[in-house]
Amino acid sequence: MKLTKILAASVALTISATSLAKAEPQAEVLHWWTSGGEAKSVAVLQKEFNARGGTWTDMPVAGGGGDAARTALRARVLSGNAPTAVQIKGLVIQEWYEEGALADISDVANEHNWGDVLPAEVARHMKCDDIWCAAPVNIHRVDWIWANAKVLAENGISMPTTWDEFNAAAKKLQAAGVIPLAHGGQAWQEATMFEAVALGVGGPEFYQKALVELDPAALTSNTMVKVFDQMRTLRGFVDDNFSGRDWNLATAMVINGEAGFQIMGDWAKGEFLAANKRPGIDFLCASVPGEGFIYNVDSFAMFKVDGRDKQEGQKLLAELIVGPSFQKAFNLNKGSIPARVDVPLDDFDQCAHLSAEDMAASAKVEALVPSYAHGMAIRSVQSGAITDVVTAHFNSDMSSADAVQMLAKAVANSL
Ligand code: BGC
């Protein structure tokens with residue numbers, strides 16, 4: 001063999017030996033966290049990953065609620081080039097698992113005792129058959145009202161505790177020339193508001209029957225008619241330019257005092273905090289009038305990929321995501337509370353405390369319900385069918401009676 005060939009062969013051997021010994025963790029991470037508060041939050045994970053020697057390739061797909069991200073993901077998987085780690089949650093995790101696309105992360109989960117540190121309600125969404133197939137980052141609450149404290153004080157309004165109070169407060173703001181309700185006219189935002197109203201007006205048992213069990217009697221009930229009535233009332237409180245507006249721009253309207261209220265999950269708190277606003281002073285939080293708690297757990301699933309570097313990246317990410325330091329730092333920015341039960345909430349604000357207390361109290365009386373609008377309760381086909389009706393009603397003069405009939409039909413056709 002010529003010397004050059006021998007040298008080349010030995011270099012190749014050395015390289016492959018080194019790469020065998022030390023695969024550098026790599027991760028291409030697909031997520032939809034692009035607003036101010038969201039970007040700050042996901043940066044915490046990137047920082048921890050890089051600090052542990054990982055190389056992070058960011059793949060943000062803008063669009064609140066994640067519809068655009070889910071479309072981008074499907075295109076990537078269909079072209080045989082799945083991202084390493086993907087922000088998916090709830091039933092969508094199960095759907096991808098059934099397609100054989102997800103990696104098993106049970107080794108990491110067992111090594112770090114996820115079974116002991118995650119509430120059963122959260123853990124059940126992270127398991128596919130008997131393996132761990134996703135890592136949870138948080139618990140978001142959906143059924144919140146956010147308000148600008150100064151706007152409310154100036155108009156002699158306190159945080160509403162009944163829907164009648166909410167409607168009266170909104171009318172008062174309207175008369176004073178303030179937009180009562182900041183809303184972004186996108187289907188997922190209407191669905192978010194609808195489920196909060198459904199829980200508030202109907203209560204947890206009704207919510208469970210209608211939006212989790214899809215019971216036809218609940219879907220067409222008088223209670224559901226009242227839910228649509230309240231949606232129609234809310235429609236009267238939004239400004240003329242609501243169509244297509246992003247949720248964080250709606251939050252900005254409350255931040256700058258253009259609007260009084262927003263009904264939105266606590267990712268909105270991430271926007272208030274990113275704008276240096278203080279809870280209880282600059283902005284107020286309260287659960288929507290009524291009983292119960294709608295949860296929405298964000299998580300990452302690891303897709304089946306080739307290459308030891310990517311697989312190492314997946315293990316490292318899974319470990320960090322459920323690690324106590326990330327769970328704290330991330331959730332302080334994100335507006336949610338940690339998914340782990342053993343992260344002290346001392347540094348968290350009053351809204352986070354309220355969330356944790358209400359969640360524990362609701363769990364005891366079967367009033368803790370999964371978000372249909374954010375994929376935790378039912379499959380995409382069924383949730384899509386409901387959202388189509390909700391948004392059609394909100395954006396037309398459809399009566400509540402027609403809406404419930406349409407709702408029951410749409411759900412029946414989707415089963
Ligand atoms: C996610 C949140 C996100 C929000 C707006 C929700 O579906 O769970 O993490 O901030 O959408 O994009």
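Every read-out reported here was derived from the displayed coordinates using simple, explicitly stated rules and does not represent laboratory data. Not measured: the values here are computed from a predicted model. Counting neighbours? That spans all protein chains shown, and the Cβs are built from the backbone with ideal geometry, glycine included.
So for M253, M264, fewest C-beta neighbours within 10 Å to most, what's the order? Intermediate values should be presented prior to the final figure.
Details: M253 23, M264 28.
So the ranking, lowest neighbour count to highest, is M253, M264.
The ratio of the alpha-carbon radius of gyration of the range 336-391 to the globular-protein estimate 2.2 N^0.38 Å is 1.47.
Relative to the longest principal axis of the Cα atoms of the chain, the long axis of helix 187-207 lies at roughly 70 degrees. For the pair I131 and V341 in one chain, pulling the backbone fully straight at 0.36 nm per residue adds 73.5 nm over the alpha carbon distance.
Model label sites at E98 and D67, defined 7 Å from Cα along the beta-carbon direction, differ in position by 2.2 nm. In the chain, the DSSP beta bridges split such that about 55 percent are antiparallel, to the nearest 5. A crude spin-label estimate for the pair A275 and E154, with each label 7 Å from Cα along the Cβ direction, gives 1.4 nm. Contour minus end-to-end for Q350 and A176, with contour as 0.36 nm per residue of separation and end-to-end as the Cα-Cα distance? Computed gain between Q350 and A176 is 59.7 nm. Counting only Cα atoms, the range 75-222 measures 58, 38, 37 Å along its principal axes, largest extent leading.
Percent of Cα pairs in the chain per distance bin of 20 Å, from zero to the largest separation: 26, 54, 15, 3, 0.
Can you give the local net charge around A109? Use residues other than it whose beta-carbon is closer than 10 angstrom to its beta-carbon, Lys and Arg +1, Asp and Glu -1. Once positives and negatives cancel, what remains is -3. Count charges around G36 for me, please; just the other residues with Cβ under 14 Å from its Cβ, Lys/Arg as +1, Asp/Glu as -1. Around G36, the surrounding residues sum to +1.
The HN-Hα couplings worked out from phi for the range 368-384 by the Karplus form 6.51 cos²θ - 1.76 cosθ + 1.60 (θ = phi - 60°) are 8, 10, x, 6, 6, 5, 10, x, 8, 9, 9, 5, 4, 5, 6, 5, x Hz, whole numbers, x standing for Gly and Pro. The slack between V365 and T34, meaning 0.36 nm per residue of separation minus the straight C-alpha distance, is 115.6 nm. Seen from K150, the other residues with C-beta closer than 13 Å to its C-beta sum to a net charge of -1, counting Lys and Arg as +1 and Asp and Glu as -1. A straight line joining the Cα centroids of the range 323-396 and the range 218-281 runs 16 Å.
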